[in-house]
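Below you'll find the structure I mean.
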Amino acid sequence: MNIFYKACALILFLNLSVADVFANKTAEQKGLEIAIEMEKRDRGWGDVSSSISMYLKNRKGAVSERSLEIKTLEIEGDGDKSLSVFHEPRDVKGTAFLSFSHALKPDQQWLFLPALKRVKRISSSNKSGPFLGSEIAFEDMASFEIEKFKYEFLREEELDGEPCYVVKFYPQYKHSGYTHQEAWIHKNEYRPEKTDFYDRKGDLLKTLRFSGYQKYLDKFWRADSFEVVNHQTGKSTQLLWKNYVFNSGLSEKDFTQNALKRAR
Amino acid sequence: MQASNRFYPSFIFTLRCLFKLFLSRWSAYLTLAIIWLFSSSLHADWDQQGNFTFENRYFTSDDTYVPSFASEPQWYWSSKAGSTELAMRLFARYDDNDDERTHADIREFLITRTSGNWEFSAGVGKVFWGVTESNHLIDIINQTDLVESADGEQKLGQPMLKITTAQSWGNLDFFVLPYFRERLFPGQENPLAGPIAFTNDDSRFESGAEEKHVDVALYYNQFISYFDIGLSYFEGTNREPKAIPTVDVNGEAILLPFYDQISQTGISVQATIEAWLLKLESIYREDSLEAFSAVTVGFEYTFYAINDGPTDLGFLVEYNYDNRARATESSLQNDVFIGARFTPNDVQNTELLLGYAHDLDYDGSHLAFIEASRRLGDRFKVIVDARLFESKAIEDPLTFIENADYFSLTLEYYY
């Protein structure tokens, strides 16, 4: 009898764990499939340039403004190349930033300091650092690559009347400031609508809302506004994208250190 | 050398001094006037920016406050397609104590034409080469504006023709430098000039062409995964003058700057691995008296996101070595530099850098500094600087400015 019970227990245990593994795998599989579809639908845009205005609000409501221009070049089979130039605040006007992003290898980044005319290669380990003192981290601005995360499908849910998948993203690259993110991805359009970020302790850190989506080149959805609220500090950042221009004929030569020095 | 100076017709020398003095002061005022006229009459196509700076320096040795005012406006124009551009940057300062520091300069007046992978520039420009922080060995194109700041980071505009090409095998820059800029030294009344000041009014050259000697330079740089590599070659007038001690018309001891002809080969390497920046710069120089080499090697390591917060803390360590026989020409012949950089990454962009340099040959020689800055509102920035020098060794050039400890408070307005 003893043996029978033990066998039953073992079978039950095995069954459960097999079911567990199976269930997890499906959630993982489904999450990955959603990410792959999202990435696939946003492929082939070539190059894009736009202006960004940022409004940084502290807990008391005081607002500080930033503005910059950003150009991005899509690289097949690797992360994108981007070149940003800051316009506001005026003391950093002309400072420019060149980034060659990669999926899991560290990004290559250079900063141009206009007063000294100096190009500095900088470490890309500061992924969780604030972008221009805002609530947006460097890693939030990085190009999306499948290998950067592991995925877990959670549920389907409506967000403001729009049908969404809710998927957990676990960062696989080094130096992320997050244990995971929870993203609401539009079920038909495969574009992110909202993301919750959980800090290294696993606590809810901030929420990013995308709004004002417009379709470009009949295919690519781009949000006009990112709004980030930090739940732990009460600070917020609104980032507005303006003047999206796709396929203006940018090429690799517009993303070199010489181009960085010429950027205005 | 003193003997030869006796034969120098002293009335011509006096005239030249007066003329140069007049020129330096009035060119500063004239530039300030042009700045105002220019900025009000420019077409809207021009992109404008710049700053006004009010600085107050306190020198501990003679317990004096020296106020000073400066302006650095910039204009930029580019053709619609962006293939032609013109960049202008002027600079002018009024200093209440040092007439030599009241000066003006065209920092940049450069027209650039870009065509495919090629870039052609002509005019007055500024170029920076190198990777290290405590010393800039390979950086040689622009002359140092030593009167502007004691750390040598400020440079004078350099007339140049430049051709650049960006290829898959790297970037190559070729320079022709048709006119030499003499180093600007602080005046005798400025504690940073030291007990025996360099004169700005009488320079000697090895080349008969004097400042019209045409210098040439070549710079190659490339990056391969973790590495950024620069190779440089320069042939022409030494930016770093040798000193000829003499007496001026009033019988006071002064130093005449002597600019010899040199050739210099340089290399810079930076490896960027995770939060480590490993840096090396080295030169080999042949001047009128000897051949020598110098090296700066070190690292910078940054602790990012301390306690999962926004703050970064970086540490720098660099070692400087220079084997020239005349040790008095370099204060970085066997010196260690350590520094700490504190960056809270706040909205006001607060930055704090602490540095300390120690001479391993002359035990009593040190240099310590603090540089702190913070933006106030959107348009202002406040900067606090302190520099403390100490030297007990007469062979160390640092001895000359041992009594020049200062604190400065600067308010900048940006537009």
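The values are calculated or read from the model by the stated rules, or taken from the named source; none is laboratory data. Here the structure is a predicted model, which is why all the values come from computation and not from measurement. Ideal geometry is used to build each Cβ from the backbone, glycine not excepted, and the neighbour counts take in all protein chains shown. Protein only, heavy atoms only, side chains kept; ligands, DNA and RNA dropped before computing areas. Shrake-Rupley method; radii C 1.70, N 1.55, O 1.52, S 1.80 Å.
With the structure loaded, tell me whether A:Lys194 is facing another protein chain (nearest Cβ under 10 Å), free of Cβ contacts under 8 Å to residues at least 60 places away in the same chain and open to solvent by 20 Å² or more (accessible area, probe 1.4 Å) or whether it fails that test.
The answer is no for A:Lys194.
Inside the range B:123-166, can you point out the residues that are within 10 Å of chain A (Cβ to nearest Cβ) and either touching a Cys at 6+ places or on another chain (Cβ under 7 Å) or not in a loop (DSSP other than H, G, I, E, B) (or both)?
B:Gly125, B:Lys155, B:Thr164, B:Thr165, B:Ala166
Taking the range B:272-303 only, how many residues are within 17 Å of B:Trp129 (Cα to Cα) and among the hydrophobic types (A, V, I, L, M, F, W, C)?
7
OK, next. Spot the failing condition for B:Ala253; the list is (1) on the phi < 0 side of the Ramachandran plot; (2) buried (at least 18 other Cβ atoms within 10 Å of the Cβ); (3) more than 14 Å from chain A (Cβ to nearest Cβ), and only one is missed.
Failing condition for B:Ala253: (2).
I would also like to ask the following. Within the range A:44-60, can you find the residues that are closer than 20 Å to A:Gln214 by Cβ and not in a strand (DSSP E or B)?
A:Gly44, A:Trp45, A:Gly46 - these are the residues of the range A:44-60 that are closer than 20 Å to A:Gln214 by Cβ and not in a strand (DSSP E or B).
In the range B:342-369, how many are within 20 Å of B:Asp312 (Cβ to Cβ) and not in a strand (DSSP E or B)?
Result for the range B:342-369: 7.
Still on this structure: Could you run through the range A:216-264 and say how many residues are part of a helix (DSSP H, G or I), touching a residue at least 60 places away in the same chain (Cβ under 8 Å) and crowded, with 16+ Cβ neighbours inside 10 Å?
The number of residues fulfilling the criteria is 6.
In the range A:242-264, which residues are in contact with a Phe, Trp or Tyr (Cβ under 8 Å, 6 or more places away or on another chain) and more than 30 Å from B:Thr165 (Cβ to Cβ)?
A:Tyr244
Can you name the strands (runs of 3 or more DSSP E) wholly within the range A:89-191 that have at least 3 residues being touching a Cys at 6+ places or on another chain (Cβ under 9 Å) and either more than 10 Å from chain B (Cβ to nearest Cβ) or open to solvent by less than 20 Å² (accessible area, probe 1.4 Å) (or both)?
Correct list: A:149-159, A:178-186.
Which of the residues that make up the range B:281-306 are open to solvent by 60 Å² or more (accessible area, probe 1.4 Å) and either more than 11 Å from chain A (Cβ to nearest Cβ) or not aromatic (Phe, Trp, Tyr) (or both)?
B:Tyr284, B:Glu286, B:Leu289, B:Val297, B:Phe299, B:Ile306
Only one residue in B:Phe120, B:Phe175, B:Phe109, B:Phe91 is outside any loop (DSSP other than H, G, I, E, B), open to solvent by less than 10 Å² (accessible area, probe 1.4 Å) and not acidic (Asp, Glu). Which one?
The match here is B:Phe175.
Next question. Of the residues B:Ser203, B:Ser168, B:Ser149, which is among the polar types (S, T, N, Q) and open to solvent by 30 Å² or more (accessible area, probe 1.4 Å)?
On the way: B:Ser203 fails: open to solvent by 30 Å² or more (accessible area, probe 1.4 Å); B:Ser149 fails: open to solvent by 30 Å² or more (accessible area, probe 1.4 Å).
Of B:Ser203, B:Ser168, B:Ser149, the one residue that is among the polar types (S, T, N, Q) and open to solvent by 30 Å² or more (accessible area, probe 1.4 Å) is B:Ser168.
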